[in-house]
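First up is the structure itself, then whatever we jot down about it.
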2 protein chains.
Amino acid sequence: MGRTSDARSKLLSAALTLIWQSSYGAVGVDQICEVAGVKKGSFYYFFASKSELAVAAYESYWESKVPDMEAIFSSECPPLERIEGFCRKGYQSQREMFQRYGFVVGCPYANVGSELATQDPRIRAKTQEIMERILAYLEQAISDAVEVGDVEKLNPKEAARQVYSVMLGALLRAKVENNPEVLADLDRTVLRLLGVRQVSGLLTSRYE
Amino acid sequence: MGRTSDARSKLLSAALTLIWQSSYGAVGVDQICEVAGVKKGSFYYFFASKSELAVAAYESYWESKVPDMEAIFSSECPPLERIEGFCRKGYQSQREMFQRYGFVVGCPYANVGSELATQDPRIRAKTQEIMERILAYLEQAISDAVEVGDVEKLNPKEAARQVYSVMLGALLRAKVENNPEVLADLDRTVLRLLGVRQVSGLLTSRYE
DNA sequence: TGGTTAGTTGACAGTCTAGTCAACAATAAT
DNA sequence: ATTATTGTTGACTAGACTGTCAACTAACCA
């Protein structure tokens with residue numbers, strides 16, 4: 001009963017895009033409403049505050065990316081190739097956004113986490129939550145790689161955190177240099193960190 | 001001739017502290033002036049804009065830290081211990097600031113670079129510039145480590161960037177988790193990345 | 001068809017924003 | 001002591017900010 005609306009989802013995606021391209025602080029509610037084609041009154045009908053919208057936007061964005069993650073981290077795929085695939089996906093998507101917007105925009109979660117961790121507890125917690133979901137995928141892949149014997153015995157939890165750190169750091173450097181090519185050899189760096197001394201032909205076969 | 005003033009330097013340090021603890025966007029000129037004990041008119045006597053103040057603040061902060069960097073990366077010190085020392089310094093200072101402010105504040109350059117890389121070209125460039133100075137120290141240490149034979153032969157430029165990525169990523173994760181202990185094993189991670197398979201007794205001797 | 005619910009609207013409040021400016025005050029050099 | 005210069009001040013603009021609200025409208029259900 002009552003009328004229906006897509007204003008909520010339009011606000012979510014407008015917010016994500018705008019904040020990703022600039023920053024949380026630099027984007028106003030008016031601007032989000034304008035891009036979404038929604039009036040401010042409706043904004044506050046759906047969301048109690050800008051901060052709450054942001055939390056919902058990141059959760060919603062994550063959910064939209066779950067299928068991609070499931071594909072990349074499919075147990076069908078050899079463990080190290082999952083991680084390699086994740087690195088290359090990051091590289092590729094930054095390159096695409098660079099072409100489209102003229103900027104390396106970095107990781108949406110990392111951006112907002114870095115900006116607001118000390119200011120907005122809910123956004124900090126949501127960022128941490130999503131990062132832990134990503135870590136779980138990495139952990140599983142590493143644990144599988146150990147089992148299969150692709151890498152030496154190591155603590156998957158620890159190793160996943162190390163790997164994720166390199167990824168986040170490389171994304172940050174790419175953003176600061178505004179150069180997506182910083183990410184070109186991310187996969188090799190990560191494999192090196194995992195103790196894969198010589199990158200095997202199988203893994204490199206897809207480097208064109 | 002004319003009167004002298006320390007307002008400029010007070011503004012620089014107030015700006016750095018405030019922005020570091022929250023973010024560029026969340027800190028206002030009025031707030032900076034209040035903490036610095038300087039009226040806004042004076043602010044705009046010394047700086048053309050908030051953005052210009054930020055650039056000057058980061059340059060000034062770097063300059064104040066050069067002696068520390070020179071000590072840590074002294075050529076007197078064994079190459080790998082320089083890198084280890086840098087990691088441990090990062091860990092320690094984040095722990096101190098966590099105790100003082102209740103928050104892991106992260107790397108000041110990375111924070112502002114992440115927030116403003118797509119918005120403020122000058123701040124982006126300054127961040128990149130300072131990061132390159134840090135990379136130069138790492139590069140030298142790695143190059144020395146290769147020469148001394150502490151690590152296998154590798155490209156120092158590439159390796160320095162990899163090492164720095166881990167550091168930035170770990171700092172970011174510590175901030176998002178608001179937990180400085182994320183950085184506790186950063187030195188071991190970095191040495192691992194450099195191919196130091198078994199962390200030697202000499203290097204671990206100072207772990208209590 | 002009528003009632004209930006869900007969603008829309010635009011004007012509004014109050015506060016904060018970066019930045020300006022002309023008049024004023026202190027000091028260093030002559 | 002005068003003067004040129006350097007720095008201080010606080011009131012001011014003009015716009016942006018988040019958030020509010022009461023009146024209005026559309027659609028679903030019975």
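No value in this document is a laboratory result; all are computed from the given coordinates. A quick note: this is a predicted structure, and the numbers were derived from the prediction, not measured. So basically every Cβ, Gly included, is an ideal-geometry build from the backbone, and we count neighbours across all protein chains shown.
Using a label point 7 angstrom from Cα along Cα-to-C-beta, what distances in nm, from shortest up, separate B:LYS39 from the other copies?
The answer, with the shortest distance listed first, is 4.5 nm.
What FRET efficiency comes out for A:ASP30 versus A:GLU147 if R0 is 51 angstrom and r is the Cβ-Cβ distance? Round to the nearest 0.05.
That gives a FRET efficiency of 0.45.
Tell me, what is the Rg over Rh of the protein assembly as shown, with Rh the Kirkwood radius over Cα pairs?
Value, to two decimals: 0.99.
Let me check against my output: what whole-number percent is the relative contact order of chain B, with C-alpha pairs under 8 Å and at least 6 apart?
Taking the mean separation of contacting Cα pairs over the length of chain B, I get 20 percent.
So, in chain B, how many Lys pairs have Cα atoms under 19 Å apart, if the pair is 8 or more places apart or on different chains?
10
Give me the net charge of A:ILE32's neighbourhood, meaning all other residues with Cβ under 13 Å from the Cβ of A:ILE32; Lys, Arg count +1, Asp, Glu -1. Before the final figure, lay out each step's value.
Numbers: positive: A:ARG8, A:LYS10, A:LYS39, A:LYS40, A:LYS50; negative: A:ASP30, A:GLU34, A:GLU52.
Computed value for this residue: +2.
With the crude spin-label approximation of a point 7 Å out along Cα→Cβ, what separation in nm comes out for A:ASP185 versus A:GLU96?
Placing both labels 7 Å beyond Cα along the Cβ direction yields 2.6 nm.
How far is it, in nm, from the label point at B:SER75 to the one at A:SER9 when both lie 7 Å from their Cα along the line to the Cβ?
6.4 nm
Taking +1 at the Cβ of each Lys and Arg and -1 at the Cβ of each Asp and Glu, which of B:MET1, B:ALA56, B:LEU186 sits farthest along the dipole of chain B towards its positive end, judged by Cα position relative to the Cα centre?
B:MET1
Would you calculate the separation in nanometres between label points at A:ARG122 and A:ALA136, each defined as 7 Å from the Cα along the Cα-to-beta-carbon direction?
2.3 nm
How large is the direction-averaged shadow of the alpha-carbon convex hull of chain B, in nm²?
Mean orientational projected area (chain B, Cα hull): 13.6 nm².
Where the label is 7 Å out from Cα toward Cβ, how close does A:SER9 come to the same position in every other copy, in nm, shortest first?
Sorted ascending, the copy-to-copy spacings read 5.9 nm.
Please give the Cα centre distance for the range B:54-111 versus the range B:140-164, rounded to the nearest Å.
Answer, in whole Å: 20.
In debye, nearest 20, what is the charge dipole magnitude of the protein assembly as shown about its Cα centre with +1 on Lys and Arg Cβ and -1 on Asp and Glu Cβ, if you could check?
1120 debye
Where the label is 7 Å out from Cα toward Cβ, how close does B:GLU147 come to the same position in every other copy, in nm, shortest first?
4.8
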